[in-house]
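Novice: Here it is, the structure in full.
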Amino acid sequence: MTSLFNRTAWGRIRLTGADRVRFLHNQTTNNIEQLSTGQSCHTVFVTSTGRTIDLATVYAFADALLVVVSPGMTQQLYDWMDRYIFFSDKVTLTNESTQTFMFTLIGDDAPHILKQLSDLDINNPPFTHQTLSLPQLTAPITIAAGGAELGLAGYTILGSQPDAATLEKQLVAAGATVNSQADWEALRLQQGRPAPGAELTDEDNPLEAGLWDSVSFEKGCYIGQETIARLNTYKGVKKRLWGLQLQASLPAEVKLTDITITADGNKVGRVTSLNASHDFALGYVRTKAGGEGLNVLIEGAHGAVSAKTVAVPFIHHEYYTA
């Protein structure tokens with residue numbers, strides 16, 4: 001089965017102007033200057049002290065950069081970037097979230113489904129994209145390969161809002177099954193993609209969140225760079241994000257703020273997200289307490305439930321670069 005997710009609620013901010021690449025390169029953690037037209041990458045917006053704001057995806061076009069941000073983060077990050085544009089900078093920001101749509105297809109049959117809509121070769125490597133025209137659509141669409149948003153096989157499709165309903169019908173007719181936002185959230189937790197307000201807060205940094213692939217240690221100065229570089233140089237990551245496989249479900253009424261992660265009678269972390277069945281979670285665990293396979297307790301007013309830390313596919317934990 002191939003699942004179709006409507007992700008139009010995610011923000012889309014377009015950067016144009018001769019200085020757009022240099023500007024975004026200096027604002028976020030990844031090496032934007034290495035992107036060629038048709039390539040994309042993940043990058044993290046961080047504070048001046050290296051704390052996480054949001055994980056974004058950047059698409060490079062011949063004349064623009066498109067930055068996709070998490071739901072509810074569009075205005076905050078638009079204002080954040082706008083604040084750092086100086087008079088001499090040749091950069092223009094455009095919030096095109098309401099003028100465009102964004103779909104994601106996930107599943108092994110996704111290439112077959114898209115092949116029914118177009119004769120063009122769309123089996124491109126991950127973190128690449130191409131723009132093409134389809135019958136019955138009024139404007140070209142961009143298809144990004146590789147399912148990079150969750151680390152699963154699939155594609156993300158961006159286009160003009162008036163074409164959204166037509167394309168959705170075409171995808172469903174070709175075999176895709178429409179899924180809900182709750183289904184997306186379940187996959188997010190299963191894969192371990194960190195989200196703002198949960199795993200990405202002003203208490204956390206990108207290395208703790210396992211976003212090493214979204215951080216360049218080769219580039220020059222950017223907002224928060226000094227703190228992140230120091231964490232790497234001096235091996236300062238004090239906690240890491242893990243999946244938590246619970247041996248029993250927590251009560252339905254439990255609140256994240258009321259539970260803690262303990263080991264050997266000591267608090268060692270916090271739960272950041274909990275799935276609908278309350279038997280799997282994401283959470284930060286102190287590095288000194290242990291890593292993958294650590295036996296812990298999820299404790300609260302309900303009592304204690306045994307759990308084990310497990311690796312999740314979207315993130316990984318390096319142990320510092322050379």
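The values are calculated or read from the model by the stated rules, or taken from the named source; none is laboratory data. All figures in this text were calculated on a predicted structure; none of them were measured in a lab. Methodologically, a virtual Cβ is constructed for each residue, glycine included, from the backbone with ideal geometry; neighbour enumeration extends over all protein chains shown. For the accessible areas, the whole protein counts, side chains as well, though only heavy atoms, and no ligand, DNA or RNA atoms are used. Shrake-Rupley method; radii C 1.70, N 1.55, O 1.52, S 1.80 Å.
Novice: Let me know the number of lysine pairs in the chain closer than 18 Å at the Cα, not counting same-chain pairs under 8 apart.
Specialist: Final tally of qualifying lysine pairs is 11.
Novice: Hey, another quick one. If you average the alpha carbon positions of the range 231-286 and of the range 73-121, how far apart do those two centres end up, in angstrom?
Specialist: 32
Novice: Summing -39500 (n - 2.57) over the DSSP H runs of n ≥ 4 in the chain and dividing by its residue number, what mean residue ellipticity at 222 nm do you reach, to the nearest 500 deg cm²/dmol?
Specialist: On the way: 6 runs with 56 residues, N = 322.
The per-residue figure over the chain is -5000 deg cm²/dmol.
Novice: Percent of alpha carbon pairs in the range 143-238 separated by more than 16 Å? Kindly include the intermediate steps, with their values, before the conclusion.
Specialist: Numbers: 3179 of 4560 pairs.
Of the Cα pairs, 70 percent sit more than 16 Å apart.
Novice: Leaving ligands, DNA and RNA out of it, work out the accessible area of Phe217 with a 1.4 Å probe and give it in Å² to the nearest 10.
Specialist: My reading of the accessible area for Phe217 is about 60 Å².
Novice: Continuing with this model, one more query. Can you tell me the dipole magnitude for the chain around its Cα centre, using point charges on the Cβ only (Lys, Arg +1; Asp, Glu -1), in Debye to the nearest 20?
Specialist: Values: 24 positive and 32 negative charges, 121 e Å.
Value, rounded to 20: 580 debye.
Novice: Specify whether the C-alpha gyration tensor of the range 165-322 places it in the rounded, prolate or oblate class, a ≥ b ≥ c being the square roots of the eigenvalues: rounded for a/c under 1.5, otherwise prolate if a/b is larger than b/c and oblate if not.
Specialist: Numbers: a/c = 2.30, a/b = 1.10, b/c = 2.09.
Oblate is the answer for the range 165-322, as a/c is 1.5 or above yet b/c matches or exceeds a/b.
Novice: Using only the Cα atoms, what convex hull volume per residue in Å³ does the range 24-79 have?
Specialist: Details: hull volume 4.5 nm³, N = 56.
Cα convex hull per residue, to the nearest whole number: 81 Å³.
Novice: Beyond 23 Å, what share of the Cα-Cα pairs of the chain remains, rounded to the nearest whole percent? Numbers along the way, then the final one.
Specialist: Working: 30758 of 51681 pairs.
The answer is 60 percent, as a whole percent.
Novice: Let me ask something else about it. Over the chain, with every protein chain in place, what whole percent of the accessible area is carbon and sulfur at 1.4 Å, could you tell me? Don't jump to the answer; show the numbers that get you there.
Specialist: On the way: 7270 of 14370 Å².
Summing carbon and sulfur atoms, their accessible area is 51 percent of the total for the chain.
Novice: Could you give the accessible area per residue of the chain, probe 1.4 Å, as a whole number in Å²?
Specialist: Working: 14370 Å² over 322 residues.
Per residue, the chain has an accessible area of 45 Å².
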